[in-house]
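Below: the structure, in structure tokens.
What follows is calculated from the coordinates using simple rules that are stated; it is not laboratory data. As the structure is a prediction and not an experimental result, all values here were calculated from the model. Quick reminder, even Gly has a Cβ in these numbers, built from the backbone with ideal geometry, and neighbours come from all protein chains shown.
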Amino acid sequence: MRVWKLVSGILSIILFAVVMFQSCAAGVVNALEDNGGISGSVGVIVGILMLAGGIVSIATRNKTGKGHDIALIVLFGLAAVFGFAGYGNYSDLVIWSVWCLINAVLAVVSIIKNR
């Protein structure tokens, strides 16, 4: 699980830049169309949670215990819930939400495996 935490942390940090760029573009589109969409703002929240989850994942990959895995479940789980709930016209947010959900599920697997 250490290798997966390192890889998912690095990928989450890299994907943070992509999510933030797309979220800003979606926010501009929402503002220009004046359609009341919130998907750009939700994307920013998902991106920040992905960045935090990636940092925690890298920083705690060699630790024992459950605390860091619970933190990963909370961070990536919240990002997935926000992403699925508010994707609107920014449909790529579903892809990033699935990535966050996969990371949350793997943190649960890590807790179960390290009993």
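Length available on full extension from Ile70 to Cys24: 0.36 nm per residue minus the Cα-Cα distance, which gives 13.6 nm.
Converting phi to 3J(HN,Hα) with the Karplus coefficients 6.51, -1.76 and 1.60 and the offset θ = phi - 60°, segment 100-110 yields 5, 5, 4, 5, 5, 5, 5, 5, 5, 4, 5 Hz in sequence order, with x at every glycine or proline. The gain in end-to-end length when the Asn89 to Val3 segment is fully stretched comes to 27.5 nm, 0.36 nm per residue minus the alpha carbon separation.
Karplus-based coupling profile of segment 2-18, in residue order and whole Hz: 5, 5, 5, 5, 5, 5, 5, x, 5, 5, 5, 5, 5, 5, 4, 5, 5, with θ = phi - 60° in 6.51 cos²θ - 1.76 cosθ + 1.60 and x standing for Gly or Pro. Using Cα springs under 10 Å in a Gaussian network model of the chain, which residue among Leu72, Leu49, Leu32 shows the largest mean-square fluctuation? Largest GNM mean-square fluctuation: Leu32. Taking each residue as 0.36 nm, the span from Asn62 to Ile14 lengthens on full extension beyond its C-alpha to C-alpha distance by 15.2 nm. Think of each Lys and Arg Cβ as +1 and each Asp and Glu Cβ as -1; about the Cα centre, that makes the dipole of segment 2-113 roughly 760 debye. Normalised Debye scattering of segment 12-98 at q = 0.10, 0.26 Å⁻¹ gives log10 I(q)/I(0) of -0.26, -1.17, counting only Cα atoms as equal scatterers and leaving out solvent. To the nearest Å, what is the center-to-center distance of segment 100-115 and segment 50-83, using C-alpha atoms only? Using only Cα atoms, the two centres lie 10 Å from each other.
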